[in-house]
Amino acid sequence: MGFPLLSVVFLAPLAAALFLCFLSRDARDVIRKTAAGAMTLTLLLTIYAYVSYDTAMGGMQFTESIPWITDLGVSYSLGVDGISLPMLFLTEVIGLAAVFSSWNIDKRPKEFFILLLVLIAGVSGTFIARDLFIFLLCYEVVVIPIYIMVLIWGSTKRVTKEYAGIKLTIYLLMGSAFMLVGIVALYLQAYPQPLRTFDIEALIAASQMGSFSESFQIFTFFLLLLGFGSLLSMFPFHSWSPDGYAGAPTAVSMIHAGVLKKIGGYGLIRLGLLVLPLGAKFWAPLIAGLAMINVLYAAYIAMVQKDLKYIVGYSSVSHMGYVLLGFAALNVVSISGAVANMVAHGIMASLFFSQIGFIYEKTHLRSIPELCGLAHQMPRLTIGFMLAGLASVGLPGLIGFVPEFTIFVGSFAAYPVFAVLAISGIIFTALYILRMLAKVLFGPKSDRFDGYQDERGIEMLPLILLGIVLVGMGLFPELLMGVISSGVEPIAPLLEQIADAPTLLGGVR
Amino acid sequence: MISFVEMMHLALHVGLPHFLLLSAVLFAIGLFGLFTKKGIIAVLMCIELMLNAVNINFIAFNHYMPATDLSGQLMALFSIAVAAAEVAIGLALAFRIYHDHHTVNVDDLNHLKG
Amino acid sequence: MFSDFMLTHAWLIPLLPALAFLWIGFFTRLHKKRSAAIAITMSSLSFLLACGVTWAVLSGPITMETPFVQKTLWFEIGSVRIFMGSLVDPLTAMMLMVVTMVSLLVQIYSVGYMAHDPGAGRFFAFLSLFAASMLGLVIAVNFAQLYVFWELVGLCSYLLIGFYYDKVSAREAAKKAFITTRIGDFGLLLGILLLQITFGTLDFQELKVLVPAYIWISGTSFMTIVGLLLFIGPIGKSGQFPLHVWLPDAMEGPTPVSALIHAATMVVAGVYLVGRAYFIFSALPVVMNVIAWLGGFTAFFAATIALTQRPIKRILAYSTISQLGYMMLALGVGSLTASMFHLMTHAFFKALLFLCAGAVIEAMQDEADIFKMGGLRKKMPVTFAAMTIGVLAISGLPPFAGFFSKDEILGAAAAVSTPLYLLGTLTAFLTAFYMARLLFVTFFGEASPGCPATETNAFMRWPLIVLAVLSCVSGLWGHFAGFGEWVYFGAAEETGIDWVIAGTSTVLSLVAIGLAYEIYVAKRWSAYEISQRFGVLYTLSFNKYYIDEFYTLLRRTFCDGLGRILYWIDLHVIDGIVNGLARLVGVLSTIFTFLQNGQVQRYVAVFYGGVIVLVAYSLFYAYKVLTLLGGAF
């Protein structure tokens, strides 16, 4: 088995969090350096895994497996494939950026970084788990730190941080409740008692042997759709997302919008599609319709928002519509696009939130009418904002373009009407993003902001880190698409099998 | 029908029913106190009474069991030890409560109200 | 050998300015002179490379049918393989020459123009990126690459139009440019997606074979939709009606940028796209008609607006829209040659006109209204001469460049449709009139006292001279060197001159110039009275037919209005349901709180009651079991 790379990636933040528990609460510098060190280590290991992942071979690599609760068929088994590896990479990049974004935190830094590290570990655990039990466990672990962090370090604007925290948590827990029921149903249905297992590959194998009847698949997929869909802020389960981001501290917004949300999309593909293909096919038209609504509805709402975090919050709802559309089209191209778009959106959303967080940290303002002409005082921040904004707009050369293009290519044939409507979203996205950029960054110089310094030193690191990924993967999309397609290509036969399966709308589409 | 002498004989010959009766009375007193007393100390004492009633039951049953094992007695000892610990904690809590609220009246201590 | 080397290194042409952008952006941003030097060096290098490529094309076996193609995989997903590379044919070579030359001249000019601007480093970085994007677009091998650079061109125009970001008007103009062209890009993207889905490839060379075959088999109906969608892109980018609104506002950027946008990059991208994908459009009569009529209408429409505008750059902007209309008209009537020829000559004389305008505005200390100028002829002789050449060229007088290219367009139009020809000729008349008006009002008459204007500096003067020379000779050269044998679609075209058509338009232009002279110099008729006589028409033209206002109304209603309604729904319906559910749970829970009033003794009572119930139940159960067992005891 060699070096347990994924275990180290998973456990290093937890070990660091444990270590932080023993430090004095005044040792802020040591605390944040420890957190940064742990995250740097995990990021480097993840990059190593990303680079050395064998795309030609594909499949699960860097696998580890230790039986844990044998009576229940639970094992501590980790691994990454072409779908989860980019997500893991995303998690670690954003994790490190989030640590740097929280560098200047004054209020209870020790507790903050402990919770942050636990949060990151939990999120990365969901992506590398090959066992549903571990997956759920990690997912539930994530919810707790988020709640506490929103309550203690959050901010109150339109809604109180208490409301935001509760809303966020209850949505996440409701989602996980549906998910749990679905997963237990899978667990019970797949194999008879002594063979029962939470192993995802075993469940997929059971699915291919025909253990799940069509009606079972349809019902269970619906449960998973409710769970993962609300996590992915699918309309009408999206309203936690803008409120939650608005209330949360910067680091939580970054991780939440950047990665946590993507667990929804990841789960839909890994569990929904692979284990319950007929269910996925059945509900696909519904998902496509909701996806279209997501894109346009959220884009329209984003246009009339005043608070920066709300704009980015609704914008992320809008972008998740593209992910759902890519999923609903159920072909290799569109699903690859969906995975890639999750990565792309993760990077740009977290860059956005880190820059907004910086403005807020300095000026304690984040309402558009109160801000103007920041480009005069903060050129570096302007670069960060522009990069994130233009990537949201889907500008080629930045990370957002290729995924969107792939989703469009993949979904156009499957759902022409929904696709055209969703593609028209690029106009509205441009409208609200450019309005925001124009009002906040450009325009006459305002003396009020003269006293504030631009990003410097550590404050620039989130911008540099995320900016490199944003531009690098934009200019050389094969870096991202190569890995993803090695993960999605193997699904092709499965997708062909279900091509003629009945959908919501009847036998043949 | 049994005669009065026989009844007296039965009543005076101490056996298992006597012990059970005693413990039932003790338990009832404790329960009554638990429901009616307002002072937290009195409530604690009532709980002790109920515990002791149970202990009596244990020992009585153990004694009148045909088999020779001491598990009832052991259980009673165990229960006494736990009760001692409980009293210690209970009194400490009562002390803290008095310190914080300047009262030990359980009717005023309703902060857990939903 | 040499030509092979040139062709295989054509990809360097866009890359060099891109490197300049990176280099300036990262290292010399704050250093004005170094930034300029880097930008100009890289531009010169890519100009030299473009010369080499052109030489290779002219001397080698490369024609429109047998281009040189070189490509590398950009990314691959399933069956979708997207390449990046370079496609060189005479059309590309011509565009490379024009773009590199104009952008080089503009950069040299900018050294003088931006000398006192603290953001000059940034300016040169953006200019380089702009050139790089346009060059990347020109050598695109497939629609995907074209779209990528198409969007980047849009980005650069956004950055450059909004260069003076402290000005609200510049900021808004930049936004408007980006969003308006985005609407066009939406159509273009749909068209590209349909092509990818239908044919499984976006490669120009492969589509050139596949599209005619497809049309031959299944008719033109589907491809007409694709063609119309694709054409929406050029409508946005090339400022055709009804998406032309961004172009006049684009003059908010520094003048060299306007020159670059209006002459060589950005706006001609749309025309170039139609030319590049001509194998699709030319096979679709409906689309060709749309292109021709839209082009013709835009040419006329913009010319009528230009008649009444006052800021010098806005007049030029509308003239650009009008000239782009000409190019589209030429494409629509089936003459790729005429369109590309006009594109080339227009690039030179429009760059010249804008740079002259920039020199005038700078000399007038940022005064743009032509009626506040006057008498600059004596103070700025070189600029005056250059401007005159530009005006004569755009008016289509022989032997200047515009004469030959415009004549070809009119000839091509006359061959297809008389109404279009008449529209084109009328537009030529209007063009000559408003350009003459601009020239006369600005340079003739009496200078206002205290006019600060002086001749421009050398950095700004030499580009003017070079462009003026090009505006004189490029038409003649193109005509006699056989532009039509070089850039064509289908069969090589003869570039003969139809003297009836050419004579008519020349005479009309002369009449228009004479008319302008009478009104604005000799003052035989009062311009004010004329404007009063045409009251309604004048107001419409002066207010640009209220199209901007109409769009603002549309945007307010359908974007902001709808957005507000949806937001209300989100807050009160969707969140209302969510919060209502939460409240419902709250109400339900108050019902049960009587069990939990915080009184310890109540808890105990409940607890004890529970014990009693349980005991009673177990006794009852035991009793039932015993009765079932009957007499076992």
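The values are calculated or read from the model by the stated rules, or taken from the named source; none is laboratory data. Predicted model only: the values in this text are computed from it and were never measured. Here Cβ is always computed from backbone atoms with ideal geometry, including for glycine, and neighbour counts include all displayed protein chains.
Under the condition of being more than 7 Å from every other protein chain (Cβ to nearest Cβ), part of a helix (DSSP H, G or I) and surrounded by fewer than 24 Cβ atoms within 10 Å (Cβ to Cβ), the residues counted in the range A:402-427 number 3. Kindly establish whether C:Gly580 is within 14 Å of chain B (Cβ to nearest Cβ) and either in contact with a Pro (Cβ under 8 Å, 6 or more places away or on another chain) or among the small types (Gly, Ala, Ser) (or both). No.
In the condition set (1) surrounded by fewer than 21 Cβ atoms within 10 Å (Cβ to Cβ); (2) at the interface with chain A (Cβ under 10 Å from one of its Cβ atoms); (3) among the acidic types (Asp, Glu), C:Glu206 is compliant with all but (2).
Applying the criterion of being of a type in the set (A, V, I, L, M) and within 10 Å of chain A (Cβ to nearest Cβ) to the residues of the range C:178-194, the residue that is farthest from C:Leu152 (Cα to Cα) is C:Leu194. Every residue in the range A:366-394 that is touching a residue at least 24 places away in the same chain (Cβ under 8 Å) and either assigned to a loop (DSSP other than H, G, I, E, B) or charged (D, E, K, R) (or both), please. Matches in the range A:366-394: A:Arg366, A:Leu371, A:Cys372, A:Gly373, A:Met378, A:Arg380, A:Gly394. The set of residues from the range A:440-456 being more than 8 Å from chain C (Cβ to nearest Cβ), assigned to a helix (DSSP H, G or I) and crowded, with 21+ Cβ neighbours inside 10 Å comprises just one member, A:Val440.
For every residue, the table says whether it meets (1) closer than 19 Å to C:Met266 by Cβ; (2) surrounded by 24 or more Cβ atoms within 10 Å (Cβ to Cβ).
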position	(1), (2)
C:Ala338	no, yes
C:Ala357	yes, yes
C:Asp369	no, no
C:Thr383	no, yes
C:Pro398	no, no
C:Glu408	no, yes
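Filtered by the rule that a residue be β-branched (Val, Ile, Thr) and part of a loop (DSSP other than H, G, I, E, B), the range A:71-113 gives A:Ile83, A:Ile105.
Could you look through the range C:513-534, keep only residues that are among the aromatic types (Phe, Trp, Tyr) and out of contact with any Phe, Trp or Tyr (no Cβ under 6 Å at 6 or more places or on another chain), and pick out the one that is nearest to C:Leu392 (Cα to Cα)? Among residues in the range C:513-534 that are among the aromatic types (Phe, Trp, Tyr) and out of contact with any Phe, Trp or Tyr (no Cβ under 6 Å at 6 or more places or on another chain), the one nearest to C:Leu392 (Cα to Cα) is C:Tyr517.
Just to be sure I understand the filter: pairs with C-beta atoms under 6 Å, separated by 6 or more residues or on different chains, first member in the range A:44-70 and farther than 11 Å from A:Leu85 by Cβ, second member of a type in the set (Phe, Trp, Tyr). Which pairs pass? Within 6 Å, the pairs are A:Ile66/A:Tyr76; A:Trp68/A:Tyr76.
A:Ile399 meets the stated requirement of being among the β-branched types (Val, Ile, Thr), crowded, with 20+ Cβ neighbours inside 10 Å and away from chain C (no Cβ under 11 Å).
Scanning the range B:81-114 for residues that are within 13 Å of chain C (Cβ to nearest Cβ), part of a helix (DSSP H, G or I) and surrounded by 14 or more Cβ atoms within 10 Å (Cβ to Cβ) yields a count of 5. Residues of the range A:179-198 that are closer than 21 Å to A:Val142 by Cα and buried (at least 19 other Cβ atoms within 10 Å of the Cβ): A:Met179, A:Gly182, A:Ile183, A:Phe198.
The set of residues from the range A:468-490 being β-branched (Val, Ile, Thr) and more than 10 Å from chain C (Cβ to nearest Cβ) comprises A:Ile468, A:Val469, A:Val471, A:Val483. Of all residues in the range C:146-170, those satisfying the criterion of being more than 9 Å from chain A (Cβ to nearest Cβ) and either part of a loop (DSSP other than H, G, I, E, B) or touching a strand residue (DSSP E or B) at 6+ places or on another chain (Cβ under 8 Å) (or both) are C:Phe163, C:Tyr164. Restrict the check to the range C:544-557 and report whether at least one residue is away from every other protein chain (no Cβ under 12 Å), surrounded by 14 or more Cβ atoms within 10 Å (Cβ to Cβ), at positive phi and not aromatic (Phe, Trp, Tyr). Yes, there is a match, as at least one residue in the range C:544-557 is away from every other protein chain (no Cβ under 12 Å), surrounded by 14 or more Cβ atoms within 10 Å (Cβ to Cβ), at positive phi and not aromatic (Phe, Trp, Tyr). Residue pairs whose Cβ atoms lie under 7 Å apart, sitting 6 or more positions apart in sequence or on different chains, and linking a residue in the range A:279-300 that is more than 14 Å from chain C (Cβ to nearest Cβ) to a partner that is of a type in the set (Val, Ile, Thr) and not in a helix (DSSP H, G or I), are A:Lys281/A:Thr503; A:Phe282/A:Thr503; A:Ala284/A:Thr503; A:Pro285/A:Thr503. Of the helices (runs of 4 or more DSSP H) lying entirely inside the range C:336-449, the ones with 1 or more residues being at pLDDT 80 or above and farther than 29 Å from C:Met101 by Cβ are found at C:401-416, C:418-443.
In the range A:324-334, is there at least one residue being of a type in the set (Phe, Trp, Tyr), touching a Lys or Arg at 6+ places or on another chain (Cβ under 8 Å), touching a residue at least 60 places away in the same chain (Cβ under 8 Å) and farther than 17 Å from A:Ala257 by Cα? Checked against the condition, which is being of a type in the set (Phe, Trp, Tyr), touching a Lys or Arg at 6+ places or on another chain (Cβ under 8 Å), touching a residue at least 60 places away in the same chain (Cβ under 8 Å) and farther than 17 Å from A:Ala257 by Cα, the range A:324-334 yields no hits at all.
Residue by residue, here is whether (1) in a loop (DSSP other than H, G, I, E, B); (2) surrounded by 17 or more Cβ atoms within 10 Å (Cβ to Cβ); (3) at pLDDT 90 or above; (4) in contact with a Pro (Cβ under 8 Å, 6 or more places away or on another chain) holds:
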site: A:Leu115; (1), (2), (3), (4): no, yes, yes, yes
site: A:Leu119; (1), (2), (3), (4): no, yes, yes, yes
site: A:Thr126; (1), (2), (3), (4): no, yes, yes, no
site: A:Cys138; (1), (2), (3), (4): no, yes, yes, no
site: A:Val141; (1), (2), (3), (4): no, yes, no, no
site: A:Ala164; (1), (2), (3), (4): no, yes, no, no
site: A:Ser176; (1), (2), (3), (4): no, yes, no, no
site: A:Phe212; (1), (2), (3), (4): yes, yes, no, no
site: A:Leu223; (1), (2), (3), (4): no, yes, yes, no
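Mind checking whether some residue in the range A:317-326 is touching a Ser or Thr at 6+ places or on another chain (Cβ under 6 Å), within 14 Å of chain C (Cβ to nearest Cβ), farther than 23 Å from C:Asp560 by Cβ and not in a strand (DSSP E or B)? Yes: the range A:317-326 contains one or more residues that are touching a Ser or Thr at 6+ places or on another chain (Cβ under 6 Å), within 14 Å of chain C (Cβ to nearest Cβ), farther than 23 Å from C:Asp560 by Cβ and not in a strand (DSSP E or B). Scanning the range C:53-90 for residues that are within 12 Å of another protein chain (Cβ to nearest Cβ) and under 26 Å from the mean Cα position of the chain (by Cα) turns up C:Trp74, C:Ile82, C:Phe83, C:Met84. Using the structure shown, decide if A:Phe19 is at pLDDT 90 or above, closer than 28 Å to A:Leu136 by Cα and over 26 Å from the mean Cα position of the chain (by Cα). When the stated conditions are applied, A:Phe19 passes them. Against the definition (in contact (Cβ under 8 Å) with a residue 12 or more places away in the chain, of a type in the set (A, V, I, L, M, F, W, C) and either in contact with a strand residue (DSSP E or B) (Cβ under 8 Å, 6 or more places away or on another chain) or under 30 Å from A:Leu188 (Cβ atoms) (or both)), how does A:Leu78 come out, yes or no? Answer is yes for this residue.
Of the residues making up the range A:23-82, those that are of a type in the set (Asp, Glu) and either closer than 30 Å to A:Trp103 by Cα or under 21 Å from the mean Cα position of the chain (by Cα) (or both) are A:Asp26, A:Asp29, A:Asp81.
Hey, does the range C:105-120 have a residue that's within 14 Å of another protein chain (Cβ to nearest Cβ) and under 23 Å from C:Arg34 (Cβ atoms)? Checked against the condition, which is being within 14 Å of another protein chain (Cβ to nearest Cβ) and under 23 Å from C:Arg34 (Cβ atoms), the range C:105-120 yields at least one hit.
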